[in-house]
1. Quick one: count up the residues across region 19-61 that are among the aromatic types (Phe, Trp, Tyr) and either surrounded by 13 or more Cβ atoms within 10 Å (Cβ to Cβ) or closer than 30 Å to residue 75 by Cα (or both).
2. Tally time: how many residues in region 23-39 are within 16 Å of residue 56 (Cβ to Cβ) and in contact with a helix residue (DSSP H, G or I) (Cβ under 7 Å, 6 or more places away or on another chain)?
3. Just name the residue that is farthest from residue 119 (Cα to Cα) out of those in region 41-94 that are among the acidic types (Asp, Glu) and touching a helix residue (DSSP H, G or I) at 6+ places or on another chain (Cβ under 7 Å).
4. Take region 105-133 and flag every residue that is of a type outside the set (A, V, I, L, M) and part of a helix (DSSP H, G or I).
5. Criterion first (β-branched (Val, Ile, Thr) and under 19 Å from residue 41 (Cβ atoms)) does residue 100 satisfy it?
6. Hey, among the residues in region 28-61 that are among the aliphatic types (A, V, I, L, M) and in contact with a Phe, Trp or Tyr (Cβ under 9 Å, 6 or more places away or on another chain), which one's nearest to residue 130 (Cα to Cα)?
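Just so it is clear, none of the values below were taken in a lab; they were calculated from the coordinates. Everything numeric in this text was worked out from a predicted model, so none of it was measured. Here Cβ is always computed from backbone atoms with ideal geometry, including for glycine, and neighbour counts include all displayed protein chains.
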Amino acid sequence: MPPLLSLARERRLLQSAVTVAAIVPILAGLTGVNGGLSGLDATAPWSLNGDSHVRYLSGVIFAIGVGFLTTVPGIEACGSRFRLLTGLVVVGGLARLYAVALCGLPGPAMRLGLLMELLVAPGLALWREHLERRLAFDRKALRGMTFS
């Protein structure tokens, strides 16, 4: 049975999905860098160390989003970078999940983060791997064709 989507269409859909998903950490990172601890939780008690840590980690989150964006143009050829970024995101999500176990569910924005970290990012990574395998299979099939 032939695939439901052409290879080009599947590639464009994945590129679009990664672009949209990358906007989330970029915006969240900018929010944290610009607003610090109070930008994420206005009711949290302010401390210089806490604020500094939030701004640093927000910069890392921003960079991860930008990193994902850099994979979009040649997404099928960026496997190593995509897997590394996904691994970083999943580890962060597992840390957030540990905090849920210790302290309870956070607010809606943090729950969205957890969803992105443990479901969306790995799902996109698996889709990217599928696309890469599909491209490799199609290239191999084309090499084996003879034209007379």
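1. 1
2. Selection size over region 23-39: 10.
3. First pass over region 41-94, keeping only residues among the acidic types (Asp, Glu): 41, 51, 76.
Imposing the further condition that a residue be touching a helix residue (DSSP H, G or I) at 6+ places or on another chain (Cβ under 7 Å) reduces the set to 51, 76.
Working: 51: 28, 76: 20 Å.
Top of the filtered list is 51.
4. 108, 111, 113, 117, 122, 123, 127, 128, 129, 130, 132, 133 - these are the residues of region 105-133 that are of a type outside the set (A, V, I, L, M) and part of a helix (DSSP H, G or I).
5. On the way: β-branched (Val, Ile, Thr): yes; under 19 Å from residue 41 (Cβ atoms): yes.
Yes.
6. 28
Each row is one residue, and each column tells you yes or no for (1) under 17 Å from the mean Cα position of the chain (by Cα); (2) free of Cβ contacts under 8 Å to residues at least 40 places away in the same chain; (3) within 18 Å of residue 124 (Cβ to Cβ).
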| site | (1), (2), (3) |
| --- | --- |
| 11 | yes, no, yes |
| 27 | yes, yes, yes |
| 35 | no, yes, no |
| 48 | no, yes, no |
| 52 | no, yes, no |
| 58 | yes, yes, no |
| 65 | yes, no, yes |
| 83 | yes, no, yes |
